[in-house]
Amino acid sequence: MMTENIFQKIIDRQIQADIVYEDEQCLAFRDINPQAPVHVLIIPKKVIRTHDEIQESDVELLGKLHWVAVQLARELGLKDGYRLVINCREQAGQTVPHLHMHLLGGREMHWPPG
Ligand code: AMP
């Protein structure tokens, strides 16, 4: 079930997070419950609740999220690969109603995902 937008509180510095990247448009911080040796969440500061709420005007912002992911993957040493995941709504397991991209790496991944 999707709860409150805890990521807005991280953007607003109302709660602490291990922030690894920030610019005017995006924020990236380590997942509190990591599923891999590297597990970072990359979010837009603009509130987009779910992936299926994206508008054409957001295209550049989405490209930016990917660019941040690539730079972090390089910085964090994920030279053998990584996985990017965006869960959209309940059936995909989205729990926080603020668009976020998971950057996972540092271990062997399997397919299909659970
Ligand atoms: P999702 O299931 O795709 O909505 O992912 C939400 C992610 O946010 C989960 O992997 C949680 O572990 C993570 N998370 C929830 N609260 C926090 C927090 N305060 N700081 C960092 N990560 C969080």
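The values are calculated or read from the model by the stated rules, or taken from the named source; none is laboratory data. Please read these numbers as outputs of a predicted model, since none were measured by experiment. With ideal geometry, Cβ positions are generated from the backbone for all residues, glycine too; neighbour counts draw on all protein chains shown. Remember, those area values only see protein heavy atoms, side chains included, never the ligands or the DNA or RNA. Shrake-Rupley method; radii C 1.70, N 1.55, O 1.52, S 1.80 Å.
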task = Give, to the nearest whole percent, the P(r) tail of the chain beyond 22 angstrom, counting all Cα pairs.
result = 30 percent
key: Three-way shape call for the stretch 56-114 based on the alpha-carbon gyration tensor, with the a/c threshold at 1.5   = oblate
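For the chain, what does -39500 (n - 2.57) per DSSP helix run (n ≥ 4), summed and divided by total residues, give at 222 nm, in deg cm²/dmol to the nearest 500?
-6000 deg cm²/dmol
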query = When the accessible area of the stretch 6-98 is split by element with a 1.4 Å probe, what percent falls to carbon and sulfur?
reply = 48 percent
query = Want the number for residue 76 to residue 2: 0.36 nm per residue separation, take away the alpha-carbon distance, what's left?
reply = 23.7 nm
request  = For every other residue with a beta carbon closer than 13 angstrom to the beta carbon of residue 26, add +1 if it is Lys or Arg and -1 if Asp or Glu, then tell me the sum.
outcome  = -2
key: Mean Cβ neighbour count within 10 Å, used as a protection proxy, ranking 37-46, 88-97 highest first   = 37-46, 88-97
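Relative contact order for the chain: what percent, with Cα pairs under 8 Å and sequence separation of 6 or more?
Relative CO of the chain lands at 34 percent.
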inquiry  = Take residue 83 and residue 16, extend 7 Å from each Cα along the Cα→Cβ direction, and tell me the distance between the two endpoints in nm.
reply    = 3.0 nm
task = Please work out the average accessible area per residue across the stretch 42-83, using the 1.4 Å probe convention, and give it in Å².
result = 63 Å²
message = Students often check this: by mean Cβ neighbours within 10 Å, which of 4-15, 64-75 ranks highest, and how do the rest follow?
response = 64-75, 4-15
